[in-house]
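The structure appears right after this line, and notes come after that.
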Amino acid sequence: MTNVIYAIVVLGVLGAVFGLVLAIASKIFEVKKDPREEEILSHLAGANCGGCGFPGCAGCAAAILAGTAPVNACAPAGAENAAAIAAIMGQEAPSGERQVAYVRCNGGTNAKKRFDYVGVKDCISATKVAAGPLECAFGCLGFGSCVSACQFGAMSIGANGAAVVDPDKCTNCGACMAACPRKLIVSVPASKKVHVACANRDKGKAAMSVCNNSCIGCGLCEKECKKDAIHVENGVAVIDYDKCVGCKLCTKVCPRDAIQPAATAEEKEKYKAIKKAQAEKAAAAKAAAQAETAEKA
Amino acid sequence: MEQITNLLAITLAAILANNFIFSQFLGCCPFLGVSKKVDTAVGMGIAVTFVMGLASAVCYAVNLLLINLGLGYMQTVAFILVIAALVQFIEMFLQKSMPALYTALGVYLPLITTNCAVLGVVLLNVQNNYNFIESVVYGITGGLGFLLAIVLFASIRERLVFADYPKAFDGFPIALVTAGLMALAFMGFSGLKVW
């Protein structure tokens with residue numbers, strides 16, 4: 001019994017002595033840190049997600065302080081905190097709308113499979129096997145590399161097997177964008193609701209054959225858009241978010257339902273009927289005008 | 001005279017014949033981790049030498065205390081405590097006086113705590129029944145052996161960047177092959193007998 005007490009006392013005393021020495025040493029060797037670093041750190045997201053490209057939030061704070069990173073380097077912290085950091089750094093608050101991630105694929109079960117992949121459930125691994133199990137070289141594989149990369153629970157695999165983002169939870173940290181081997185995830189303004197859910201740059205016929213929901217670059221949306229906001233670039237439709245007003249006319253003419261939110265068949269029919277009526281009316285007016293001019297002559 | 005000869009023998013053994021890394025395989029973690037650049041390797045080597053020397057001295061006293069109290073079985077625990085405190089101390093010291101070296105060593109500095117070469121040297125001191133001077137000399141020369149090994153290794157690795165080896169060996173594989181070859185070379189010292 002005395003042995004046990006001895007052991008406890010001796011180790012305890014040793015520990016206390018070393019602790020005391022270290023406490024004194026920490027006062028002697030105290031390094032004065034810039035207090036702003038702590039303040040900046042308190043305004044970062046604190047998730048250590050690595051989306052900013054620095055090792056953890058402390059690394060990001062040091063970089064912001066050193067001026068090598070912008071004050072809004074931490075996307076998850078949001079505009080408020082970026083403004084607070086800007087105030088600490090004596091800069092003006094950066095403006096800009098909240099951005100969220102968006103997956104440019106709605107294929108999932110609609111995309112045709114070349115073979116059944118039974119390997120590791122990871123997108124990068126899947127792309128290594130004969131360039132992936134999908135016919136489409138631009139399609140979401142649905143193994144959820146982005147889901148596991150997301151620190152905020154904003155990514156999930158949707159009902160049809162392609163990844164989807166919950167814009168309410170998304171902080172635009174960029175972790176999913178880096179994790180996606182097909183680079184399908186992009187930043188879009190959070191207020192915009194109409195997006196092209198396809199990234200297939202193949203020519204029309206090739207794009208048509210690999211997926212039921214692929215953009216074939218037909219250009220119907222381009223013609224339909226009243227705001228000049230959607231264009232086919234490199235074989236895939238791209239929305240100019242500065243111009244898009246969210247009227248959803250393009251979704252009603254897209255023959256492939258590649259623009260989300262896709263219009264239902266009913267809506268499409270209705271829109272077709274309206275357009276037909278309009279065209280008939282225009283044609284009738286034109287004919288009447290022609291007849292009138294003929295009569296005058 | 002005999003004392004000096006004895007110390008020289010310990011020195012030679014610690015640096016060459018029984019080099020901590022190449023023949024006892026202690027301290028391989030920082031040896032592989034911090035050997036990409038000669039500068040940081042030198043820093044790490046000096047830090048480890050310092051910790052090993054100091055740990056040998058302090059642990060000798062602690063060991064005496066433990067033996068006198070009949071608590072010899074607590075050696076390992078007490079030694080770990082001593083080493084951890086020493087490393088903490090050195091970390092503070094470096095951060096204040098050599099910030100560049102502090103950032104260069106990075107995570108490997110606190111990892112000296114778990115560097116088995118440090119715990120190894122204090123345990124070997126006890127095992128070999130070294131007296132105080134012998135312990136300190138063994139600690140410092142053991143550290144110098146580590147320094148020699150890591151600096152040689154780092155300079156080879158710096159040159160390896162330009163070497164033409166198969167892509168599959170990139171990074172740690174080629175480093176481990178190199179370390180193995182160096183260990184083979186150091187085996188040549190095992191027959192070393194001067195006195």
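Rg and Dmax of chain A, Cα atoms, in Å?
Every Cα atom of chain A included, Rg and Dmax give 29.0, 128 Å.
Could you point to the residue in A:ALA282, A:ALA199, A:ILE230 farthest towards the positive end of segment A:194-297's charge dipole, with +1 and -1 charges on the Cβ of Lys/Arg and Asp/Glu respectively?
Value: A:ALA282.
Please give the Cα centre distance for segment A:1-79 versus segment A:108-180, rounded to the nearest Å.
The two parts, judged by their Cα centres, are 36 Å apart.
Taking square-rooted eigenvalues a ≥ b ≥ c of the alpha carbon gyration tensor, is segment A:1-71 rounded, prolate or oblate, where a/c under 1.5 means rounded and, failing that, a/b exceeding b/c means prolate?
Since a/c reaches 1.5 and a/b is larger than b/c, the shape of segment A:1-71 is classed as prolate.
Once the Cα gyration tensor of segment B:145-195 is diagonalised, what are the square roots of 5 times its eigenvalues, in whole Å and ordered largest first, as equivalent ellipsoid semi-axes?
In descending order the semi-axes read 26, 12, 8 Å.
Taking a quarter of the surface of the Cα convex hull of segment A:71-161, what do you get in nm²?
In nm², the orientation-averaged hull projection of segment A:71-161 is 7.6.
Go through segment B:145-195 and name the trypsin sites (Lys or Arg not before Pro) that are in a DSSP coil and have 13 or fewer other Cβ atoms within 10 Å of their Cβ.
Answer in residue order: B:LYS193.
Rank B:GLY70, B:GLY45, B:GLY27 by mean-square fluctuation in a GNM of chain B with C-alpha springs under 10 angstrom and give only the top-ranked residue.
Among B:GLY70, B:GLY45, B:GLY27, the largest GNM mean-square fluctuation belongs to B:GLY70.
Hey, got a sec? Which chymotrypsin sites (Phe, Trp or Tyr not before Pro) in segment B:1-62 land in a DSSP loop and have at most 16 other Cβ atoms within 10 Å?
B:PHE25
Rounded, prolate or oblate, given the Cα gyration tensor of segment B:60-148, with a/c below 1.5 counting as rounded?
prolate
What is the magnitude of the charge dipole of chain B about its Cα centre, with +1 placed on the Cβ of each Lys and Arg, -1 on the Cβ of each Asp and Glu, and no other charges, expressed in debye to the nearest 20?
Magnitude of the dipole: close to 220 debye.
Taking amide hydrogens as modeled 1.01 Å from N in the peptide plane, which residues meet the under 5 Å criterion relative to A:HIS195, leaving out close sequence neighbours?
The list, which skips near neighbours in sequence, is A:GLN260.
Through the Karplus equation 6.51 cos²θ - 1.76 cosθ + 1.60, θ set to phi - 60°, convert the phi angles of segment A:267-275 into ³J(HN,Hα) values in whole Hz; use x for Gly and Pro.
Result, rounded to whole Hz: 4, 5, 4, 4, 5, 4, 4, 4, 5.
Where the centre of each part is set by its Cα atoms, how far does segment B:34-69 sit from segment B:126-195, in angstrom?
17 Å
Given an 8 Å cut-off on Cα distances and at least 6 residues of separation, report the relative contact order of chain B as a percent.
43 percent
Among the trypsin sites (Lys or Arg not before Pro) in segment A:24-104, which ones are in a DSSP loop with at most 11 other Cβ atoms within 10 Å of the Cβ? Mind listing them?
Counting only loop positions with at most 11 other Cβ atoms within 10 Å, the trypsin sites (Lys or Arg not before Pro) in segment A:24-104 are A:LYS32, A:LYS33.
Looking at chain A as a GNM with Cα springs under 10 Å, which of A:ALA87, A:ALA154, A:ALA162 has the largest mean-square fluctuation?
In this elastic network of chain A, the residue with the biggest mean-square fluctuation among A:ALA87, A:ALA154, A:ALA162 is A:ALA87.
Suppose every K and R has +1 on its Cβ and every D and E has -1 on its Cβ; what is the size of the dipole of segment B:101-195 about the Cα centre, in Debye to the nearest 20?
80 debye
Rg(Cα) of segment A:19-59 divided by 2.2 N^0.38 Å?
Rounded to two decimals, the normalised Rg is 1.61.
Comparing A:ALA279, A:ALA149, A:ALA63, which has the greatest mean-square fluctuation in the GNM of chain A with Cα pairs linked when under 10 Å apart?
Ranking A:ALA279, A:ALA149, A:ALA63 by mean-square fluctuation puts A:ALA279 first.
For the residue pair A:ALA159 and B:ILE67, what label-to-label distance in nm results when each label sits 7 Å from Cα along the Cα-to-beta-carbon direction?
Calculated label separation equals 7.8 nm.
Just to be sure I understand the curve: with the Debye formula and one point per C-alpha of segment A:160-297, what is log10 I(q)/I(0) at q = 0.14 Å⁻¹?
Here the Debye-derived log intensity ratios amount to -0.75.
Would you be so kind as to identify which of B:LEU71, B:MET182, B:THR113 lies farthest towards the positive end of the dipole of chain B, taking Lys and Arg as +1 and Asp and Glu as -1 on Cβ and the Cα centre as origin?
B:MET182
Describe numerically, in nm with one decimal, the distance between label points set 7 Å from Cα along Cα→Cβ at A:VAL17 and at A:ALA66.
Going from the A:VAL17 label point to the A:ALA66 one covers 4.1 nm.
Under 8 Å for C-alpha pairs, at least 6 residues apart: give me the relative contact order for chain A, rounded to a whole percent.
13 percent
Convert 20 °C to kelvin, take the viscosity as 1.002 mPa s, use the Kirkwood radius over C-alpha pairs of segment A:86-132 as Rh, and evaluate the Stokes-Einstein diffusion coefficient in µm²/s, rounded to a whole number.
Calculated translational D: 142 µm²/s.
Two decimals is fine: what is log10 I(q)/I(0) at q = 0.10, 0.15 Å⁻¹ for chain B, from a Debye sum with one equal scatterer on every Cα and no solvent?
For chain B, the Cα-only Debye profile gives -0.43, -0.91.
For helix B:132-160, report the angle its Cα long axis makes with the longest principal axis of the Cα atoms of chain B; keep it between 0 and 90° and round to the nearest 10°.
The angle comes out at about 10 degrees.
Write down the Å³ per residue value for the convex hull defined by the alpha carbon atoms of segment B:1-96.
145 Å³
Determine the sum of side-chain charges near A:MET89: Lys and Arg each +1, Asp and Glu each -1, restricted to other residues whose C-beta is under 14 angstrom from that of A:MET89.
Summing Lys/Arg as +1 and Asp/Glu as -1 gives -4.
Per q in 0.18, 0.27 1/Å, what log10 I(q)/I(0) does a Debye calculation on the alpha-carbon atoms of segment A:201-270 return?
Taking Cα atoms of segment A:201-270 as identical point scatterers yields -0.64, -1.25.
Amide H to amide H under 5 Å from A:ALA111: which residues, 5+ apart in sequence or cross-chain, H placed 1.01 Å off N in plane?
A:ASN212
Compute the semi-axes of the equivalent ellipsoid of segment A:1-148, taking the square root of 5 times each eigenvalue of the Cα gyration tensor, and list them largest first in whole Å.
Those come to 48, 31, 11 Å.
Explain nothing, just compute: Karplus ³J(HN,Hα) = 6.51 cos²θ - 1.76 cosθ + 1.60, θ = phi - 60°, for every residue of segment A:245-256 in order, whole Hz, x for Gly and Pro.
10, x, 6, 6, 4, 4, 5, 7, 9, 5, x, 10
Using the structure shown, list the pairs from A:LYS248/A:LYS276; A:LYS169/A:LYS223; A:LYS272/A:LYS296; A:LYS27/B:LYS36 with a Cα-Cα distance above 24 Å, or answer none.
Over 24 Å Cα-Cα: A:LYS169/A:LYS223; A:LYS272/A:LYS296; A:LYS27/B:LYS36.
Rule-based calculations on the coordinates, nothing more; no lab input. These numbers come from a predicted model, not from an experiment. Backbone-built Cβ (ideal geometry, glycine too); neighbour counts: all protein chains shown.
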